[in-house]
Structures are given as structure tokens and as C-alpha cells.
Amino acid sequence: MCIIKFNGVLLLMVLQIFLVATTTGDETCESDRIIEEQCRLHNYKTVKPLLDYFRQVRNELDQSETKEKQMSDLMEKYHEILRIHETFMKEAALLNEYKNKVIKGENHLQLCQNKVDKSESEINSQQNIILKLKEQLTDKSTSLENCQVQLKSVNSSLIKKDENIKRLSENIKTNTEHQKTLESQLEKSKSIIIKHENNIQLCRSEINNLNRTSENFREEQKKIQLKLKESETKLIDKVKENQLCQSALHKLSLTTCPPFGDYSGVHQLKVSGIGLFNVLCDSQLAGPGWIVIQQRVEGKESFKRDWATYRKGFGSFESDFFLGLEKIHRITSLQRFELYIHLVARNGKTYNARYDDFKISDDDNGYALSLGKFNGTVLDSMRYSENLKFSTFDHDNDKVDNGNCAVWYKSGWWYNSCSYCYLNAPYEKDLRWWDNGNMYLKEVKMLIRPKEEEVIN
């Protein structure tokens, strides 16, 4: 009976320990589901062997009344259970400590989350500010680009004006030198005229004296009058000669046709770097003062020429001719010139193309073409050749990679690849102008004169 009572007490103690462990584990793991689950598993693994063992002991106690040896083993197990209980309590304390750390970590994490939210709001505000700055920067960039475009336009205008000023300064200098020469010639002529006038006055005074003295000297007076007439005639001849001299000097200083007015035909010009040369002036086709630089009217002249020939010029003023690249360059470098192109189609209709700032560069730059603004009764087909160098069969300056337009069209021109107008091409074959289709021509004239505001009347 004592053994049975003892066994019952022992069982009650084990059950009490189990309940205490369970209660402690439940209190410890109540705030955290994961920790609670771990505690239950731990309790179950710890207590299950003991329960199994006590079931076995109970069975053995039912079967036998006294087993002292088993009692001693049971006491050892009891002590072992106490040790396990102490270990369990320590682990529970550790779990509580871990739980506190977890709670502190959660609080710290919440603080960090609050800081992150605050940082995100600050970042969003900064991004909004950056977007506004970008928009402002884009507006500033657009304004800056517009200013740069305007500045480029102003610079190009200033460069053109500087070129015009330089050109006009050179013309003024040249004209001043010619004017000084003419003034010196005029002074000499005036001195001669003054001497002759003095002589005439002396003669007249002598005649008057003779008339007063006697009528007998009338015959001598007649002779003197005859001499006086001869002197006057000689004086008039001298004046005419002086005028012719001045006209010749004036012609020698000419660089364009406008001073000849409405007088068409061949005249002499004198241009710096070349000297005297003949030009064909035309005042009938498009008004006074035009220099004809190219003419195709009969097709008697071949325009398949080399670079040197195009540079010098060739042909006849009565038929087909080309004035010469160097002469055209020298003339158009003095001041601003306009270009007038007279076109006669095969059906007899006439057309024109006009450019307000025509010039070509020097030999070193390939006599490159510049046109200015266009006005006319046909399409602006010559624009396709602007800024291009002149090409001949022995100087290929066109834009064709494999070939030479000057060879294909048997003439020199400002070819692109190749062109839309062929004003030097073979007559009655390729002589044409593009005007929404090829317009074949039977007559072409290219004329230049100083821009209207610079024409000398």
C-alpha cells in the first residue's frame, strides 16, 4: 500500500510539473505564434518519453505489488525529471528574454519604418523640385538655342556687311586714285585753256588798238582775224582733244558697263589684276548696263574646252562665247552683282531667271558659284549648282563618285551630279533648263551688272 501511495504521489507530482511547464510555456509564447509553436513542440518532445515511461511503470505496478528495484529507478527518474524541469525553466527564462529582444526589435523596426516613410516623403518632394528644375532648364535651353540661332544669323549678316564694306572701300580707293589722275589732267587742260584765252584777249586788244589807230590796217586786221579764227579753231580742237583724252581716261578706269548708259556693243574695261579687255555690253535685253558673260545663239562654238581655256575665255562676241572665269571672278569681287539669265525655248517662248548676289571665287577655290536670292519666270534650277566648284574634263570637281559630268555633257559647268541646267552643253542636244521637265533651248544669254542701288548713272 505504501508503494502504491508513493506511486500515486509521484504521478501527481509529475502531472503537476507537466501542468506548470505547459502553463509557463503558454504564458511565455502567448505574444508570438511562432515562438508558441516552438515551445509546444519542445514541451511535447520533452514530456512524451516520461509519459510513456509512467504508463509502463503503471502497468508494471498493476502487475506486481512490490518492486523495490523499480522504486529506486523511479526515484532516479524523479530526480532526472527535476533536473529536466530546471533546464526547462531556464529555457523558458531564455525564451522570455528572446521575446523581450524581439519586442525591442519590433519597436526599433517601427522607428526605422517611420524614418523610411519620412525619407520617402522628402525624396518625393526633392524629385518634384528636380522635375520643376528640369522643366525650367528645358525652357532655358530652348531660349539659349533660339539666341544661338539669332546670333548666327546676326554674325552672318555682319560678315556679309563687312565684305560689302571692304568691297566698297576698295572701289572708293580705286576711284579716288582715278579721280586724282583725272583732276591732274584736268588742271593741265585748264592751264592750257587759260593760256589760250589770254592769247585771245591779247589778240583782241591788239585788234581793237588797230581799229582805233587807222582804217588802213583793215586788211591786216582781217589777217589777224583769220589768225584769230585759226587760233580759236586750234583751241577748239585742243578742247575736243582734251575731252577725248578725259573720255579715254574714264574708259580706262571702267570696271562695269553702266557708265556707257544705253550704248550697247563692245567696250573696254580695266580691272585690277587683268588690265584692259573687251566686253559685250547689252542695254536692250533687260535694261542698261549689263555685261554679257556667256552667249549661245548659233551653236558655232564648241564648249568642250579645258580648264585653262575656260579660265581665259573663248568665242566671238558676234556668236557664241564665254567671257572667262578669271575675268568674271575679278569683276564680281569688286562689288555686289546681280545675274540675269535670258532663255529662249525651241518653241520661241522667252523666260528669265534672276539672282541678286552673283559671284564666283578665285582659282584656288575652284571658281565656286554663289547666287543669292532668286526671281524669275522659271524654276530655280541653277540653285542645284550653288557653292560648287567649276568642272571641266581635266578638272573633275563634281559630286559624282564614279565619272565626270563635264565628260558626259561635253562642256564645263558647276556640276553637282550632274545638274538641272546645262547652259554650256552642246547646242541643239543637251542645252536645256529644268522647269518641271526638260525645257530645251535655242538661245541663252548670261548677263551681270552691279546691284541696282550700286549702279552708276
Q: Of the conditions (1) part of a loop (DSSP other than H, G, I, E, B); (2) under 23 Å from Glu443 (Cβ atoms), Val292 clears all except one; give me its number.
A: (1)
Q | Positions within the stretch 88-102 being open to solvent by less than 70 Å² (accessible area, probe 1.4 Å) and either closer than 18 Å to Leu41 by Cβ or touching a residue at least 24 places away in the same chain (Cβ under 8 Å) (or both), in sequence order | A | Phe88, Glu91, Ala92, Leu95, Asn96, Lys99, Val102
Q: Go through the stretch 432-449 and give me each residue that's touching a Lys or Arg at 6+ places or on another chain (Cβ under 8 Å), within 29 Å of Pro288 (Cβ to Cβ) and open to solvent by 30 Å² or more (accessible area, probe 1.4 Å).
A: Lys442, Glu443, Lys445
Q) So which of Lys389, Lys399, Lys429, Lys359 ends up being in a loop (DSSP other than H, G, I, E, B), in contact with a His (Cβ under 9 Å, 6 or more places away or on another chain) and either touching a residue at least 40 places away in the same chain (Cβ under 8 Å) or open to solvent by 30 Å² or more (accessible area, probe 1.4 Å) (or both)? A) Lys389
Q. Gly366 passes all but one of (1) open to solvent by less than 30 Å² (accessible area, probe 1.4 Å); (2) under 23 Å from the mean Cα position of the chain (by Cα); (3) more than 21 Å from Arg296 (Cα to Cα); which number fails?
A. (2)
Q: Could you check Lys349 against (1) buried (at least 17 other Cβ atoms within 10 Å of the Cβ); (2) closer than 24 Å to Val297 by Cβ; (3) at pLDDT 95 or above; (4) not polar (S, T, N, Q) and say which number it fails?
A: (1)
Q: Among residues belonging to the stretch 402-423 that are open to solvent by 20 Å² or more (accessible area, probe 1.4 Å) and either of a type in the set (A, V, I, L, M, F, W, C) or free of Cβ contacts under 8 Å to residues at least 12 places away in the same chain (or both), point out the one that is farthest from Ala308 (Cα to Cα).
A: Asn402
(Q) Could you go through the stretch 306-327 and let me know if any residue there is without any contact (Cβ under 8 Å) to a residue 12 or more places away in the chain, open to solvent by 10 Å² or more (accessible area, probe 1.4 Å) and assigned to a loop (DSSP other than H, G, I, E, B). (A) yes
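The values are calculated or read from the model by the stated rules, or taken from the named source; none is laboratory data. For clarity, every value in this text was computed on a predicted model and none was experimentally measured. Reconstructed Cβ throughout: ideal geometry from the backbone, glycine too, with neighbour counts over all protein chains shown. Accessible surface is based on the protein model in full, side chains and every heavy atom, while ligands, DNA and RNA are left aside. Shrake-Rupley method; radii C 1.70, N 1.55, O 1.52, S 1.80 Å.
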